[in-house]
Amino acid sequence: MNQKPVPVAFHPSAVVKLNGLKPCAEVPLLLRYANNPILSRENWPYPINSVFNAGAVRLADGDTLLLCRVEDRRGISHLCAARSANGVDGWRIDTEPTFPSSPREYPEEIWGIEDPRITYVPELEKYAVAYTSFARGGPGVSLALTRDFRSFERYGVIMPPEDKDAALLPRRINGYWAMIHRPVTTLGAHMWISFSPDLGHWGSHKVILEARRGGWWDANKIGLCSPPIETSKGWLTIYHGVRQTASGSIYRLGLALFDLERPDVCLQRGESWMFGPEAPYERSGDVSDVVFPCGQTIDADGDTINLYYGAADSCIALATGSIRALLAWLEANPSSGDGVAR
């Protein structure tokens, strides 16, 4: 059957095991697959520059599908599907772009399409693919629906530039669809939520998580990573934070939890980052020091998470963890400040 949000039972005993542990180095919440990276340009059936930042879903037949961002040798990105029976190896990659840009019909895609997030929507019996469309005005958020990842129903751009890092929640909230995204405004580069009656018209925009300031690991720019996970405690959300250093940017991952029926309300936010670039394929590449997940699958136990992430904008890697452990770590490591001077 299609992968659907899994309510996850929360065990207080997990907090006891993790209580008091702070930096991510002390708690390996996500374990890298030993044979990472799992996909790179050498695997591709046609010439490309790089492959990274893939949306992920487990299909009805049990296969894992990655909808990968593929950058061609012009520097323009498209999306291409790779399927695997075990989600680790034996990938069957489409021999041509699965979802190329269509600049004649959709001029906002003239410079390509990037970074898809996939949400299965039971009400529609379709997959919603939120992706970044890129043109002269900058990056915007576009949306498409599909049943089979062969044909796509495009909605076009739904959040104008500059906006990206978007994912649709899998069910309506108080009768409205909800989408998390990351516009860049005069307020900064923060995470927002917006609501829609029909997936095409969006409003009620609200900031839900602010980038901190100063020397924090998530200062000045944050954004959603993979789609939020519905648990009994709330929407568990993995987000990226960008720290500017003298030698460039470092992209790391943190956690936040939002209310199930009020996803605009942040219940918890982690103090520190919990996963960052350490392996050689994460530290060196087209864009060094980047881990950037756009998708995950959840095993039948409702707890094991398989996180697929772009590494250094050059390849795709896999890390696994426990949703219960992520929730426990988040509760044991609450944020003590937002980095904003009062």
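Please treat every number below as a calculation from the coordinates, not as lab data. The model shown is predicted, which means the values in this text are computed figures rather than measured ones. A quick note on method: Cβ atoms are made from the backbone with ideal geometry, for glycine too, and the neighbour counts reach across all protein chains shown.
Close amide-amide hydrogen proximity is noted between M274 and L253, G254, each under 5 Å apart and 5 or more residues distant or on a separate chain (H modeled in the peptide plane; Pro and chain starts excluded).
For the stretch 55-96, the residues whose amide N sits under 14 Å from a probe point set 7 Å from the Cα of D299 along the beta carbon direction are 86-88. The magnitude of the dipole of the chain, with charges of +1 and -1 set on the Cβ of Lys/Arg and Asp/Glu and taken from the Cα centre, is near 480 debye.
Over all distinct Cα-Cα pairs of the stretch 207-263, the Kirkwood formula returns a hydrodynamic radius of 12.1 Å.
For GluC sites (Glu not before Pro), the sites in the stretch 99-193 that DSSP calls loop and that have at most 11 other Cβ atoms within 10 Å are E105, E123, E125.
Please find the FRET efficiency linking A246 to E162, where r is the Cβ-Cβ separation and R0 is fixed at 22 Å, and quote it to the nearest 0.05. Result of the calculation: an efficiency of 0.30. Among the GluC sites (Glu not before Pro) found in the stretch 225-316, those both in a DSSP coil and sparsely packed, with 16 or fewer other Cβ atoms within 10 Å of their Cβ, are E261, E278. Mean sequence separation of contacting Cα pairs (under 8 Å, at least six apart), scaled by the length of the chain, corresponds to a relative contact order of 19 percent. Here the simple spin-label model places points 7 Å from the Cα toward Cβ, and for N43 and S232 these points are separated by 3.5 nm.
Considering all alpha-carbon pairs of the chain, what whole percent are spaced by more than 38 angstrom? The calculated P(r) of the chain puts 8 percent of pairs beyond 38 Å.
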